[in-house]
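The values are calculated or read from the model by the stated rules, or taken from the named source; none is laboratory data. Keep in mind that what you see is a predicted model, and the values were worked out from it rather than measured. Glycine gets a Cβ as well: all are built from the backbone with ideal geometry, and neighbour counts include every protein chain shown.
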């Protein structure tokens, strides 16, 4: 069955008019009528009855209309699966990541994978935290580096690493004299945070609620660099991820540990049915080896 004709039929059903449907589809009424006739010829039944007020569905048309969404959804899933198989044959691996993860892992993480796996064409992109799970779930990327918690049941989730978060304040701020703080100390403070598209936003709000108050968020950004900049301008204070902020230090800013804080957790995710693809397996093995080396280096530095 031609999916194009089926989509056209759906539009006629929705509007009850071939003329209106043709206008919406940017085709001629004659072309649309021909597509419907082809559909009727394929099925061997009449789908529509023309009336002075538009068109009416025959019982056969009503049955097809009922099943059309499922048929087109299955067709879309089939074509998507075929496209993925073609990409796998070409050695394409698509990886997406929450902002900040590649900054921590370093450019060599990507470059060394490409060097060690010349038969795999790597395509990677970065998104705000909340988008990563959706991109992997919808099949736009095979692998994702997401920020926890991840609550999508059909995804395989592998914990990679975590980072403490700290309070970022400017010189002269009353809290700058403290060696550590609690979330209760942030009551009524002007907070600069990443936007709702980032997990840290909801995690900070949750921690403030658990401390018994609604946080005073005066500005939301799309990146930690602006959190640093606005804090340095004394517009407010911020909660930042330590490992992302390691190379953003400033003599006019101070990071203060938060005693009752949460951790910023990085997870590697993929769809269950994609985890055995050979390029996905290579990426997972490479990542686990890389993470083991990183943990070893951190351990040596701490000794």
* To do: Evaluate the range 100-118: report whether one residue or more is assigned by TED's automatic domain parsing to the domain that holds residue 277, in contact with a helix residue (DSSP H, G or I) (Cβ under 6 Å, 6 or more places away or on another chain), surrounded by 13 or more Cβ atoms within 10 Å (Cβ to Cβ) and within 16 Å of residue 274 (Cα to Cα).
  => no
* **Residue tally, condition buried (at least 20 other Cβ atoms within 10 Å of the Cβ) and either outside any helix (DSSP H, G or I) or touching a strand residue (DSSP E or B) at 6+ places or on another chain (Cβ under 7 Å) (or both), over the range 202-211** => 1
* Asked: Restricting attention to the range 109-134, which residues are without any contact (Cβ under 8 Å) to a residue 60 or more places away in the chain, part of a helix (DSSP H, G or I) and more than 28 Å from residue 223 (Cα to Cα)?
  -> 115
* Asked: Does residue 170 count as surrounded by 16 or more Cβ atoms within 10 Å (Cβ to Cβ), modelled with pLDDT of 90 or more and assigned by TED's automatic domain parsing to the domain that holds residue 235?
  -> yes
* Among the residues of the range 260-281, is there at least one that is loosely packed, with under 14 Cβ neighbours inside 10 Å and over 24 Å from the mean Cα position of the chain (by Cα)? -> yes
* From the list 85, 78, 57, pick out the single residue that is buried (at least 16 other Cβ atoms within 10 Å of the Cβ) and either under 22 Å from residue 15 (Cβ atoms) or modelled with pLDDT under 80 (or both). => 57
* Check whether at least one residue in the range 141-153 is in contact with a helix residue (DSSP H, G or I) (Cβ under 8 Å, 6 or more places away or on another chain), in the same structural domain as residue 270 (by TED's automatic domain parsing) and at positive phi, and report yes or no. => no
* Structure fact -> Checking 250, 180 in turn, the sole residue that is out of contact with any helix residue (DSSP H, G or I) (no Cβ under 9 Å at 6 or more places or on another chain) and not assigned by TED's automatic domain parsing to the domain that holds residue 152 turns out to be 180
* Could you tell me whether any residue of the range 147-170 is closer than 21 Å to residue 258 by Cβ and more than 31 Å from the chain's Cα centre (by Cα)? => yes
* To do: Sort through 196, 235 and tell me the only one that's in a loop (DSSP other than H, G, I, E, B), touching a residue at least 24 places away in the same chain (Cβ under 8 Å) and within 25 Å of residue 267 (Cβ to Cβ).
  => 196
* So how many residues does the range 153-183 have that are without any contact (Cβ under 8 Å) to a residue 60 or more places away in the chain and either more than 24 Å from residue 215 (Cα to Cα) or in a loop (DSSP other than H, G, I, E, B) (or both)? -> 1
